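Presented below is the structure to which this report refers.
The values are calculated or read from the model by the stated rules, or taken from the named source; none is laboratory data. Here the structure is a predicted model, which is why all the values come from computation and not from measurement. Ideal geometry is used to build each Cβ from the backbone, glycine not excepted, and the neighbour counts take in all protein chains shown.
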Amino acid sequence: MTNPAPDPSNEAREKLKQKLLAFAADFPFFNHMGLEVEEMSPGFARVSVELVDHLKNPNGQMHGGVIATLVDMSITQAMLMTDTYQRVRDTRGMMTNVDLRMKYLRSVGAGRATVESKIVHEGRRVVHVASEVKDDRGKTVALGDATLMIVLGEREPRADGD
């Protein structure tokens, strides 16, 4: 029995994923913060950061702003492989975070903080994403919740005048 032909959509999705992961690995802000995109798929992302001295608050713990940034960045990564975001790109539109809420439950004094973000609702104009940040022991450090607004742009005319 022969193997079925590979699904072109899976190949395209994997190619996009590799392109996005490579971009994230070279993105200056991610490098400055030490953010590492560990996994991403349509509607999901896992991003982590190691606690180093320049990310600590005066008490020696991971700064809350670093945790909020970790959540915000993972939300974007969760969106990048969705059909909704592809429509935004194709029309030269924009996606913007209009509400990011954080609930801090405990501090991170050493090791890594890892966030998993999942799209809860993906509408035509509004997307809701939930995030959970954990420490190296698997303890929940913070919960994040965001609402994104999707604004489609105007498509540029195709070269054939259509």
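Values as computed for the structure displayed
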item	result
Candidate set from the range 137-162 (those that are charged (D, E, K, R) and either outside any loop (DSSP other than H, G, I, E, B) or modelled with pLDDT of 95 or more (or both)); member that is nearest to Arg106 (Cα to Cα)	Lys139
The range 25-39: number of residues that are in contact (Cβ under 8 Å) with a residue 60 or more places away in the chain and more than 18 Å from Val52 (Cβ to Cβ)	0
Failed condition for Asn59, given (1) over 15 Å from Val127 (Cα atoms); (2) in contact with a strand residue (DSSP E or B) (Cβ under 9 Å, 6 or more places away or on another chain)	(2)
Residues of the range 130-140 that turn out to be closer than 14 Å to Val47 by Cα, of a type outside the set (Gly, Ala, Ser) and touching an Asp or Glu at 6+ places or on another chain (Cβ under 9 Å), as a count	3
Scan of the range 126-160 for residues that are among the charged types (D, E, K, R) and either within 18 Å of the chain's Cα centre (by Cα) or closer than 18 Å to Glu36 by Cα (or both), ordered by number	Glu132, Lys134, Asp135, Asp136, Asp145
Whichever residue in the range 113-125 is part of a strand (DSSP E or B) and out of contact with any Leu (no Cβ under 7 Å at 6 or more places or on another chain) and, among such residues, is farthest from Thr84 (Cα to Cα)	Thr114
Scope the range 60-114; condition touching a residue at least 60 places away in the same chain (Cβ under 8 Å), within 22 Å of Glu132 (Cβ to Cβ) and touching a Gly at 6+ places or on another chain (Cβ under 7 Å); matching residues	Val71
